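Coordinate-derived values only; no laboratory data. Values in this document were obtained by computation on a predicted structure and should not be read as measured data. No Cβ is skipped: glycine too gets one built from the backbone with ideal geometry, and neighbour counts run over all protein chains shown.
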Amino acid sequence: MKKIIISTISILLSTLLFNACSTAKISSEDVKTAGFIYFKHEIPLKKVHTLIREAGEKNGWRITEFKENMLIGEKEENGKMKAVTITFAKNYFNISPKDADLQEAIQKELQE
């Protein structure tokens, strides 16, 4: 009888422990987009595309279409070529590798 009670308690405690540790709601999407810049409201994808292209071109970037939700930006600065990939959706964008000037220009364009 004593063994049954101890077994039951240990099973219940281990079940509780495993369930409590796995209740955090972190998805792979959250981890992937943690460093992205989010918009206050969703914007249609075509409009985001246009705004990013305009912001880049106003600041001397050559913007090339890569995918429906991805652009490549190139800029020559001090004799060196910089290249970035801009990934975007209806509610965020990301520049990889980071470029503060381009990021600021895009954010400014999105606020107007």
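Less than 27 Å apart at the alpha-carbon level, and either on another chain or at least 8 residues along: which lysines does that give for Lys67?
Qualifying lysines at Cα under 27 Å: Lys32, Lys40, Lys46, Lys47, Lys58, Lys75, Lys80, Lys82, Lys90, Lys98, Lys108.
Have a look at Ser96, Val48, Trp61 and report the one farthest towards the positive end of the charge dipole of the range 25-111, computed about the Cα centre with Cβ charges (Lys/Arg +1, Asp/Glu -1).
Value computed over the given set: Val48.
Got a sec to turn the phi values of the range 102-108 into Karplus ³J(HN,Hα) couplings, 6.51 cos²θ - 1.76 cosθ + 1.60 with θ = phi - 60°, whole Hz, x for Gly and Pro?
Using θ = phi - 60°, the values come out as 5, 4, 5, 5, 5, 4, 5 Hz.
How high is the FRET efficiency between Gln107 and Ala83 when r is their beta carbon distance and R₀ equals 25 Å, given to the nearest 0.05? Write out the running numbers ahead of the final one.
Details: r = 20 Å, r/R0 = 0.81.
That pair, Gln107 with Ala83, gives E of 0.80.
Provide the net charge surrounding Phe66, with neighbours chosen by a C-beta distance below 13 Å and charges set as Lys +1, Arg +1, Asp -1, Glu -1. Walk me through the intermediate numbers first.
On the way: positive: Arg53, Arg62, Lys67; negative: Glu65, Glu68, Glu74.
Neighbour charge sum, excluding Phe66 itself: 0.
What does the charge dipole of the range 25-111 about its Cα centre add up to, to the nearest 20 debye, if the Cβ of each Lys and Arg holds +1 and the Cβ of each Asp and Glu holds -1? Mind dumping the intermediate values first?
Details: 15 positive and 14 negative charges, 32 e Å.
Rounded to the nearest 20 debye, it is 160 debye.
By counting other Cβ atoms within 10 Å of each Cβ, how are Leu12, Leu71 ranked from fewest to most? Numbers along the way, then the final one.
Numbers: Leu12 10, Leu71 21.
Sorted ascending by nearby Cβ count, the order is Leu12, Leu71.
Based only on other Cβ atoms within 10 Å, what is the fewest-to-most ordering of Met1, Met81, Met70?
Working: Met1 5, Met81 9, Met70 13.
With the fewest neighbours first, Met1, Met81, Met70 line up as Met1, Met81, Met70.
Rounded to whole Å and sorted largest first, list the principal axis extents of the Cα atoms in the range 25-111.
47, 23, 22
Quote the relative contact order of the range 25-111 in percent (integer), defining contacts as alpha-carbon pairs under 8 Å separated by 6+ residues. Write down the numbers at each step before the final one.
Numbers: 109 pairs, mean separation 26.6, N = 87.
Relative contact order for the range 25-111 comes out at 31 percent.
How would you rank Ile86, Ile43, going from fewest to most other Cβ atoms within 10 Å of each one's own Cβ?
Ile43, Ile86
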